[in-house]
Amino acid sequence: MALRITGLKLPLTADESSLPERAARALRIRAEDIAGLRLVRTSLDARKKQDIYYACTVEVQLHSPLEKRILGKALPGVEAAQPREPVCWPIGEKDLDAPIAVVGLGPGGLFAAHALASQGYVPLVIERGRPVTERSIHVERFFAGGPLDPDSNVMFGEGGAGAFSDGKLTTRIKDPWAHWVLELLAAHGAPKEILVQAKPHLGTDRLVQVVQALREDIQAKGGQVCFQTKLTGLVSKAGRLTALELETPQGKRMQPVSACILAIGQGARDTYRMLHTAGLDMQPKAFAVGVRAEHPRALIDQAQFGAFAGHPRLGAAEYQLTARHGSRGVYTFCMCPGGVVVASSSAPGQVVTNGMSYHARDGRNSNAAIVVQVEPKDFGYHPLDGLRFQEELEQAAFRLGGGDYTAPAQRICDFLQGDPPGPFGGVRPTYRPGVAARSLSQCLPDFVTAGIQEGIRQFARKLQGYDLPDGVLTGVESRTSAPVRILRDVTGQAPAMAGLYPVGEGAGYAGGIVSAAVDGLRAAERLMAVYKPIH
């Protein structure tokens, strides 16, 4: 029997080699009684800036049978370790008469396809964009002022929108598959520390490599991946999906399928419109819009870590802030320590911002979205009204920036005071292709402008210096989550079309890399319970 100890304190002045001795003290035994120790979880506790440390959870094996005696003492934070359940996939009885298709190669589709391929189902993966290596070239070209490729950009292509982000792997869901997602990432090149960190992240540089490795594993296991292939229609018979209409570089074709996992991502607005025309049940969903805020990384580090700022074991500081403006929530979103603001446009004539950082998180600025909640009452109750609302914001930002994907940006002091934009000061904007000093209120609804202004004031009372006059706001941040939900029943299928399984962030059921991946895995699991593997 192993023992689990939670809340084991590891100061910044100590390293993990001291954990056995610290565990022995917590168990009130000798260090030599410990036969083995495994670090299960580590979480930074910076609530008291004069005493920052890592809170660790460990599991220990003992040389002698002391476990029952120790458990009988009811020591704080000590309990019997529970063995993890092994991964066990179901096997159905129905023969496949056509492939199982997976549409979209973001986290939801990628992990669904990997699970199916691993169990012998030979999935057919449809991705409108390019492989991640080619996609990276197109993204960098656009950042440098080149043309926008509508199907190969920060939103579309292998890896989905998460491939060009901070690569956060935190999630609020309590699904046991979440740890399996981390294990798969680690098995395909992610750093092993993501398995124990309370707030793991990869950074876009590591994530790109892992995504490619997972896709190559799908192909090695028999899965077929079709890039530059767009879903343009659904064919059904007697209320059941029978085929996909696809647009390929060679022209249109019909692809018979037994089922389809639909993991389109939230940027595929043309696909949403096609699905609505096809009769799928959809409804508008609340989301949030706003701007990206940039501060010097050193200022955020100092505010969060005090005298420990710059300590090599801490790295760049994170924050997550909330406020209220009337009945609306205002909050920071997708915080990127030591990162950059990126151009996330996926269609001509639109400016969209997002945040991205590399694994080292060593950029000069830290950024996060400041967003205000919006609901159907703000934009309309038709299923596609949220898409229209987003597009109008993005088009307004495009025009305000000058019409060449330059983004409108403004100093925090000018934005708070409602003054005309002055020249940028000590904080240099990181958005490429570039920014133009503009009044952001000209491309935002009044209630969003007021909400961000109030949010910044409230945030500054929680995080010193957040209202830094030279801080930079860049607009617009409009794609925090999908503005529409594709309905599904208790079996995970679209009610109007059996065999179609909407999953992930684009379907309105996830909010990040891990939760989208888990949603995809659950759909794959449901299909495995119905069908036999091919081999």
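Taking all Cα pairs closer than 8 Å and separated by 6 or more residues, the relative contact order of region 152-292 comes to 17 percent. In this label model, residue 320 and residue 98 are separated by 4.2 nm, measuring between points 7 Å along each Cα→Cβ vector. For region 60-214, the square roots a ≥ b ≥ c of the C-alpha gyration tensor eigenvalues yield an a/c of 1.5 or more together with a/b not exceeding b/c, which makes the shape oblate.
Here the extension length gained between residue 219 and residue 253 equals 10.1 nm, from 0.36 nm per residue of separation less the Cα-Cα distance. When only Cα pairs below 8 angstrom with a gap of at least 6 residues are kept, the chain shows a relative contact order of 19 percent.
Solvent-accessible area per residue in the chain equals 41 Å², computed with a 1.4 angstrom probe and all protein chains kept. Do any trypsin sites (Lys or Arg not before Pro) in region 38-94 lie in a DSSP loop with no more than 16 other beta carbon atoms within 10 Å, and if so, which? Answer by residue number: 47, 48, 49, 73, 84. Counted residue by residue at 0.36 nm each, then reduced by the alpha carbon distance between them, the extension gain from residue 35 to residue 283 reaches 83.7 nm. Accessible-area rank, largest first, for 97, 404: 97, 404, with all protein chains present and a 1.4 angstrom probe. This model, with +1 at the C-beta of Lys and Arg and -1 at the C-beta of Asp and Glu, gives the chain a dipole about its Cα centre of some 1000 debye. Accessible area per residue was computed with a 1.4 Å probe on protein heavy atoms; residue 271 scores about 10 Å². With K and R counted +1 and D and E -1, the other residues having a Cβ less than 10 Å from that of residue 412 yield a net charge of -3. As a check on your grasp of the helix formula, calculate [θ] at 222 nm for the chain: sum -39500 (n - 2.57) over DSSP H runs of n ≥ 4, divide by the residue count, round to the nearest 500. Calculated from helices alone, the mean residue ellipticity at 222 nm is -8500 deg cm²/dmol. Leaving ligands, DNA and RNA out of it, report the carbon-plus-sulfur percent of the accessible area of the chain at a 1.4 Å probe. With neighbouring chains kept in place, the figure for the chain is 51 percent. Protein-only accessible surface at a 1.4 angstrom probe places the residues 297, 457 in the order 457, 297, largest first. Once C-alpha pairs closer than 8 Å and six or more residues apart are averaged by separation and normalised to the residue number of region 32-114, the relative contact order reads 21 percent.
Each part gets one Cα centre, and for region 337-352 versus region 1-41 those centres are 45 Å apart. Using the Cβ-Cβ distance between residue 16 and residue 179 with R0 = 22 Å, the FRET efficiency computed as 1/(1 + (r/R0)^6) comes to roughly 0.65.
The values are calculated or read from the model by the stated rules, or taken from the named source; none is laboratory data. Remember, predicted model here, so these are calculated numbers, not experimental data. Cβ atoms come from the backbone with ideal geometry, glycine included; neighbour counts cover every protein chain shown. Just the protein is used for accessible areas: all its heavy atoms, side chains included, with ligands, DNA and RNA removed. Shrake-Rupley method; radii C 1.70, N 1.55, O 1.52, S 1.80 Å.
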